[in-house]
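Structure, as structure tokens:
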Amino acid sequence: VLPLFGLLMGLFSSSGTTEESPRNIIFMIGDGMGPAYTSAYRYYLHGKPQGTPKATVFDKLLVGNAWTYPDDDTWVTDSAAAATTLATGVKTFNGAVGVDANKAPLDSILKRAKRAGWRTGLVATSEIYHATPASFVAHSESRKEEFAIADDFVDAKVNGQLPVDLLLGGGRKQFTRDDRNLVAEMSAAGYTYVEELTQLSEVAQAQTVVGLFADSALPYALGSDTPLRLTHMTQAALANLGRNGAGFFLMVEGSLIDWCGHANDIACAMAEMADFAEAVKVAVAFVEQHPGTLLVVTADHSTGGLSLGRQGVYEWKPEEVKKIRARAETIARALGYAITMNKVWRQFVDFDLTLAQSFKLQAARLAALADGMILYEAVLEVLNERTRTGWTGMGHDATDVQVFATGQGADLFRGSLDNMDIGRRLMARVPEQAAPGVARAEAAEHD
Ligand SMILES: [Zn+2]
């Protein structure tokens with residue numbers, strides 16, 4: 001059956017689209033993943049600075065970089081403006097979700113794919129209605145309009161159908177509100193609903209599916225029992241969407257890289273990078289097994305002004321990063337209640353505090369009675385000093401981000417691109433209308 005099936009699929013796919021168009025597009029966004037993050041991840045994997053580090057999956061896929069500036073007077077973008085541009089090919093202002101500079105709703109690659117009869121999916125470790133995934137579906141002049149944005153996952157219909165066939169991420173709270181239960185509405189529309197990562201195996205066979213694995217964002221990778229949750233969601237998404245060869249568009253976001261960057265927490269960031277890198281590897285394997293698939297990976301912006309090395313010291317110590325087993329916030333909270341500080345410290349970190357650091361943390365603990373941030377900042381200072389990690393702030397910056405690509409059409413993403421070119425070129429890969437072969441391909445699956 002299989003060879004015949006393959007032959008049929010070949011016929012169907014060539015009938016509907018041009019030779020150049022990929023049947024599937026996987027678009028992956030490392031939120032906040034500026035160039036320093038991929039460098040850091042390479043050295044983090046290698047450890048102690050000796051010998052030759054290996055190329056990471058990012059090094060192997062690198063094709064160029066992208067400018068991230070928004071359409072306002074800042075140069076420095078937020079996730080909403082950048083994701084809107086990546087999703088639609090149109091620049092917009094910070095805070096905008098799926099609308100242009102005049103606040104008019106924009107067509108997105110996801111909706112275009114849905115119109116073309118492709119299947120569509122969104123996967124994120126944040127809430128699924130958070131700025132990046134939302135920009136592919138919703139329309140709002142403010143990312144803060146979370147209710148309205150979540151509602152668009154049902155209301156922003158394409159050809160009378162819900163826009164996204166597969167949703168995996170966090171955000172249960174907004175999807176099961178008292179005033180409107182979106183999960184109930186999606187279930188009524190035939191969606192399979194899952195709440196546990198252990199149910200991901202059920203996702204592959206579902207026709208349409210919504211998986212919400214946490215009330216808000218998924219737990220951070222660092223210190224988690226399931227640090228590879230994005231990887232597992234990506235596997236499940238590809239198993240589902242890649243099933244019948246009808247073509248699909250899938251966006252996968254490593255959402256929390258950005259949040260670790262905002263927190264200036266290097267161990268947190270590396271744990272998120274590890275999950276994102278594994279998810280990218282899953283996508284690369286899919287591309288290798290499914291010619292005609294395009295994979296593009298990029299970031300929306302860089303976060304925190306991460307630097308490897310700090311304050312004039314010529315070293316960065318990833319082997320020390322590996323000794324940090326919890327987020328700085330978790331450590332600070334535990335220290336706040338600790339009786340023996342060194343003992344509590346060692347529950348989370350595999351190196352001892354120096355005497356000077358102990359005194360500083362002790363003082364910060366007292367000061368934290370008035371301002372909790374003081375203890376947090378003192379913990380960060382110890383971790384960042386030990387690992388020689390620098391940060392210039394707790395926000396975004398305008399540094400270019402890298403672009404990685406493989407598969408059919410990957411060459412279109414080479415060079416130094418404006419991020420609106422990425423959105424435009426992705427959209428141009430999807431045919432304007434439903435390919436004639438699509439309906440037949442779906443029928444073939446049920447034979
Ligand atoms: Zn951010």
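The values are calculated or read from the model by the stated rules, or taken from the named source; none is laboratory data. This one's a predicted model, so the numbers in the text were calculated from it and none came from an experiment. So basically every Cβ, Gly included, is an ideal-geometry build from the backbone, and we count neighbours across all protein chains shown. Ligands, DNA and RNA are stripped out before the accessible areas are found, and what is left, the full protein with its side chains, is counted by its heavy atoms. Shrake-Rupley method; radii C 1.70, N 1.55, O 1.52, S 1.80 Å.
Could you tell me the center-to-center distance, by alpha carbons, between the stretch 94-141 and the stretch 342-390 in angstrom? Taking the Cα centre of the stretch 342-390 as reference, the centre of the stretch 94-141 is 41 Å away. For the stretch 109-217, carbon and sulfur atoms together expose 42% of the accessible surface, with a 1.4 angstrom probe and every protein chain in place. Looking at the stretch 65-201, the accessible area is 36 square angstrom per residue; that uses a 1.4 Å probe and ignores ligands, DNA and RNA. The angle between the Cα long axis of helix 2-16 and the longest principal axis of the Cα atoms of the chain comes to about 80 degrees, rounded to the nearest 10. Each of PHE404, LEU380, PRO431 was placed along the dipole of the stretch 374-432 (beta-carbon charges, centred on the mean Cα), and the one lying farthest toward the positive end is PRO431. Between the beta carbons of THR354 and THR198, assuming R0 = 45 Å, the FRET efficiency works out to 0.55 to the nearest 0.05. Only lysines eight or more places from LYS343 in sequence, or on another chain, were considered; those with a Cα closer than 22 Å are LYS322, LYS323, LYS360.
A DSSP coil position with no more than 13 other Cβ atoms inside 10 Å describes the following GluC sites (Glu not before Pro) in the stretch 286-387: GLU315. Compared with the direct C-alpha span, the chain from ALA398 to ARG177 gains 75.9 nm at full extension, assuming 0.36 nm per residue. In the chain, the longest principal axis of the Cα atoms and the axis of helix 229-241 are about 0 degrees apart.
Charge dipole (Cα centre; +1 on Lys/Arg Cβ, -1 on Asp/Glu Cβ; no other charges) of the chain amounts to roughly 940 debye. In order along the stretch 191-203, phi translates into HN-Hα couplings of 6, 7, 10, 10, 10, 10, 4, 5, 8, 4, 5, 6, 5 Hz, rounded to whole numbers, per the Karplus curve 6.51 cos²θ - 1.76 cosθ + 1.60 with θ = phi - 60° and x for Gly and Pro. Given an 8 Å cut-off on Cα distances and at least 6 residues of separation, report the relative contact order of the stretch 56-161 as a percent. Computed over the stretch 56-161, the figure is 22 percent. Phi-derived couplings, Karplus 6.51 cos²θ - 1.76 cosθ + 1.60 at θ = phi - 60°, listed residue by residue for the stretch 274-282: 4, 5, 4, 4, 5, 5, 4, 4, 4 Hz, with x used for Gly and Pro.
Axis angle, to the nearest 10 degrees, between helix 355-367 and the longest C-alpha principal axis of the chain: 70 degrees.
Probe radius 1.4 Å, ligands and nucleic acids left out: which of MET394, MET427 has the largest accessible area, and how do the rest follow?
Ranked list, largest accessible area first: MET394, MET427.
Please report the antiparallel percentage of DSSP beta bridges with both residues in the chain, rounded to the nearest 5.
That works out to approximately 35 percent antiparallel.
Taken one residue at a time, the phi angles of the stretch 143-157 give Karplus couplings (6.51, -1.76, 1.60, θ = phi - 60°) of 4, 6, 6, 5, 5, 4, 5, 4, 4, 5, 5, 9, 7, 7, 6 Hz. Gly and Pro are set to x. For the chain, leaving out every one of the chymotrypsin sites (Phe, Trp or Tyr not before Pro) that falls in a DSSP loop and has at most 15 other Cβ atoms within 10 Å, the longest unbroken run is 76-313. Counting only helical runs of four or more DSSP H residues, what would the 222 nm mean residue ellipticity of the chain come to if each run contributes -39,500 (n - 2.57) and the total is spread over all its residues? One gets -12500 deg cm²/dmol as the mean residue ellipticity at 222 nm. In a fully extended conformation the segment linking LYS281 and ARG333 would gain 15.2 nm over its present Cα-Cα distance, using 0.36 nm per residue.
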